[in-house]
1. Would you confirm, using the coordinates I've provided, whether Ser191 is in the same structural domain as Pro77 (by TED's automatic domain parsing), out of contact with any Ser or Thr (no Cβ under 6 Å at 6 or more places or on another chain) and exposed (fewer than 11 other Cβ atoms within 10 Å of the Cβ)?
2. Could you check segment 165-182 and list, in sequence order, the residues that are under 23 Å from the mean Cα position of the chain (by Cα), assigned to a helix (DSSP H, G or I) and among the charged types (D, E, K, R)?
3. Please go through segment 108-140 and give me each residue that is part of a strand (DSSP E or B) and under 23 Å from Ser151 (Cβ atoms), ordered by number.
4. Out of Gln72, Gln32, Gln20, I need the residue that is within 26 Å of Ile233 (Cα to Cα) and loosely packed, with under 15 Cβ neighbours inside 10 Å. Which one?
5. Looking at Val179, is it surrounded by 11 or more Cβ atoms within 10 Å (Cβ to Cβ), touching a Lys or Arg at 6+ places or on another chain (Cβ under 7 Å), without any contact (Cβ under 8 Å) to a residue 40 or more places away in the chain and closer than 19 Å to Ile112 by Cα?
6. With respect to Ile155, determine if the residue is in contact with a helix residue (DSSP H, G or I) (Cβ under 7 Å, 6 or more places away or on another chain), in the same structural domain as Val210 (by TED's automatic domain parsing) and farther than 22 Å from Gln72 by Cα.
7. Suppose the filter is assigned to a loop (DSSP other than H, G, I, E, B), loosely packed, with under 13 Cβ neighbours inside 10 Å and among the small types (Gly, Ala, Ser); does Gly49 pass it?
8. Given the conditions (1) out of contact with any strand residue (DSSP E or B) (no Cβ under 6 Å at 6 or more places or on another chain); (2) surrounded by fewer than 19 Cβ atoms within 10 Å (Cβ to Cβ); (3) under 17 Å from Tyr212 (Cβ atoms), and given that Glu117 satisfies all but one, which numbered condition is not satisfied?
Amino acid sequence: MVASELRRTIYSGVLGPGDQLPTEAELMTAHQVSRNTVRLALGELVNEGLVTRTPRRGTVVRERRPLLIHPQRELQPRPGETREAFAWAVSQEGREPSQDIEVSIVHPAEEIASRLELPDEELAVVRRRLRFVDGQPYNTNDSYFPLALVSGSEIARPGDIARGANRVLEELGHPQVRVVDDIWARMPTSSETERLQLQLGTPVVVYVRVGYDREGVPVRVAVSVLPADKHLIRYELENR
């Protein structure tokens, strides 16, 4: 009952982002329930990503601005646009994108090597990115490429690629003309919770995309970890 009532006040806009919820004592009096019942109700809202609890401010409503992702648009041409897909999508919402990037050469895990169809012991380049929106960590993206394909290119070198790795693949003669997406949900690892500053109980969506060139050869495997409370994935399908 307590959680349902508070949930209604949040979804209706009576309490907005940054607003403070009534104290535990006030909720106990208003609903004639025990402190334990109130704490369980507040815990539900925390787990749903609706509120956050801090020592000084108590319980406040979280800002909910999920980033809208259109997976089918990643490979579509954007005439005159020089930014990579993530930066462009965030900017379209009037928000500020940024990212931390690490580039290394690795023996990829079996799952990645299998998706890239790499022979045994074949190396890959991985570009690991922690992405931010308005200064807040929003998701991670690890993109793997066969070393034999991208060696010597910008993909294999440290630093950002403003126009995006997909454009570099095109310039190397391997544009992605087909992709296969796998998407599933799970709870985050402790490392993901720390890097993405996740609230307790927040699930993540794992989004794996394999890109193939004109010859049907896999040229990229991208593994994204998306906090469920910060992303909305939208697919648009047409039957013509």
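1. yes
2. Result: Arg167, single match.
3. Passing the criteria: Ala124, Val125, Val126, Arg127, Arg128, Arg129.
4. Going through Gln72, Gln32, Gln20 in turn, just one is within 26 Å of Ile233 (Cα to Cα) and loosely packed, with under 15 Cβ neighbours inside 10 Å: Gln72.
5. no
6. Against the criterion (in contact with a helix residue (DSSP H, G or I) (Cβ under 7 Å, 6 or more places away or on another chain), in the same structural domain as Val210 (by TED's automatic domain parsing) and farther than 22 Å from Gln72 by Cα), Ile155 qualifies.
7. Answer is no for this residue.
8. (1)
The values are calculated or read from the model by the stated rules, or taken from the named source; none is laboratory data. These figures come from a predicted structure and were not determined experimentally. So basically every Cβ, Gly included, is an ideal-geometry build from the backbone, and we count neighbours across all protein chains shown.
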